[in-house]
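Report on the structure given below.
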Amino acid sequence: ETRSGAALTYPFQDDVDPDPTRPDRFAGLRGTLDHEHRLTTGTSLELKWVVDANAREWEDVRGDLSQSVSASLSDRLALKTTLQLLLDNQPPSRRVPLFTGGEDTGSTVLVPLKKLDRSLSVALVVTL
């Protein structure tokens, strides 16, 4: 089964260290794709993909891709493994101390964080 969707969005971004050159609110577009496929009687594959784009700056795109495989161990137990990839083409920045010649200047600078985050999870699902 496959489902897709689209939406207009107006997100509020509250960064830990705000960047004064970037807006914290903007109009955007969202696209979604959900797909589930039964591989065998007790095994299924699931894919969820969400893409958010800033309507004013097309370079400001974020994506969330989750891929899962579930396997039934019994009538009440299943094992689910999920890989999630989070992409932010214009990641938030973090304020870090500025050093010159190995000495702290007392000033700070904004440094962008990573564009891609990955997480892997394994869950034991119990059906009551």
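At a 1.4 Å probe, what is the % contribution of carbon and sulfur to the accessible area of the chain? Display every interim value, and only then the final one.
Details: 5320 of 9330 Å².
Summing carbon and sulfur atoms, their accessible area is 57 percent of the total for the chain.
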Worksheet item: Using a basic spin-label model with each label point 7 Å from the Cα along Cα→Cβ, how many nm lie between residue 39 and residue 25?
Response: 4.6
Worksheet item: Between residue 56 and residue 125, what length comes free when the chain is fully extended (0.36 nm per residue of separation minus the Cα-Cα distance, one decimal in nm)?
Response: 20.6 nm
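Can you pull out the GluC sites (Glu not before Pro) in region 1-87 that DSSP calls coil and that have at most 14 other Cβ atoms within 10 Å?
Working: sites: 1, 36, 46, 57, 59; in loops: 1, 57, 59.
Qualifying residues, ordered by number: 1, 57, 59.
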Worksheet item: Do any trypsin sites (Lys or Arg not before Pro) in region 12-104 lie in a loop, going by DSSP, with at most 12 other beta-carbon atoms within 10 Å of their beta carbon, and if so which?
Response: 56, 76
Practice prompt. Output ³J(HN,Hα) for region 105-114: one whole-Hz value per residue in order, computed from phi by the Karplus curve 6.51 cos²θ - 1.76 cosθ + 1.60 with θ = phi - 60°, and x for Gly and Pro.
Written response: 7, x, 9, 10, 10, 8, 10, x, 7, 5
Discussion item. Sequence gap at least 6, Cα distance under 8 Å: using those rules, report the relative contact order of the chain to the nearest whole percent.
Written reply: 19
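If R0 is 35 Å, what FRET efficiency do you get for residue 73 and residue 95 from their C-beta distance, rounded to 0.05? Walk me through the intermediate numbers first.
Details: r = 47 Å, r/R0 = 1.35.
Approximately 0.15, to the nearest 0.05.
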Worksheet entry | Simple label model, 7 Å out from Cα along Cβ direction - residue 13 to residue 83, nm | 2.7
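Subtracting the Cα-Cα distance from 0.36 nm times the residue separation, let me have the gained length for residue 107 to residue 4 in nm, one decimal. Please list the in-between numbers first.
Working: separation 103, 0.36 × 103 = 37.08 nm, distance 4.73 nm.
Result for the pair: 32.3 nm of gain on full extension.
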Fill in: Viscosity 0.890 mPa s, 25 °C: Kirkwood-radius Stokes-Einstein D of region 30-128 over Cα pairs, µm²/s
146
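Is there a quick way to get the dipole size of the chain? I mean about its Cα centre, with the Cβ of Lys and Arg at +1 and of Asp and Glu at -1; what is the value in debye to the nearest 20? Walk me through the numbers before you get to the answer.
Numbers: 15 positive and 19 negative charges, 81 e Å.
With Lys and Arg at +1 and Asp and Glu at -1, about 380 debye.
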Discussion item. Test of the criteria: in region 15-117, which chymotrypsin sites (Phe, Trp or Tyr not before Pro) are in a DSSP loop and have at most 11 other Cβ atoms within 10 angstrom of their Cβ?
Written reply: 58
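The values are calculated or read from the model by the stated rules, or taken from the named source; none is laboratory data. Because the structure is predicted, anything quoted here is derived from the model rather than measured. Ideal geometry is used to build each Cβ from the backbone, glycine not excepted, and the neighbour counts take in all protein chains shown. Keep in mind that these areas ignore ligands, DNA and RNA; they rest on the heavy atoms of the full protein, side chains included. Shrake-Rupley method; radii C 1.70, N 1.55, O 1.52, S 1.80 Å.
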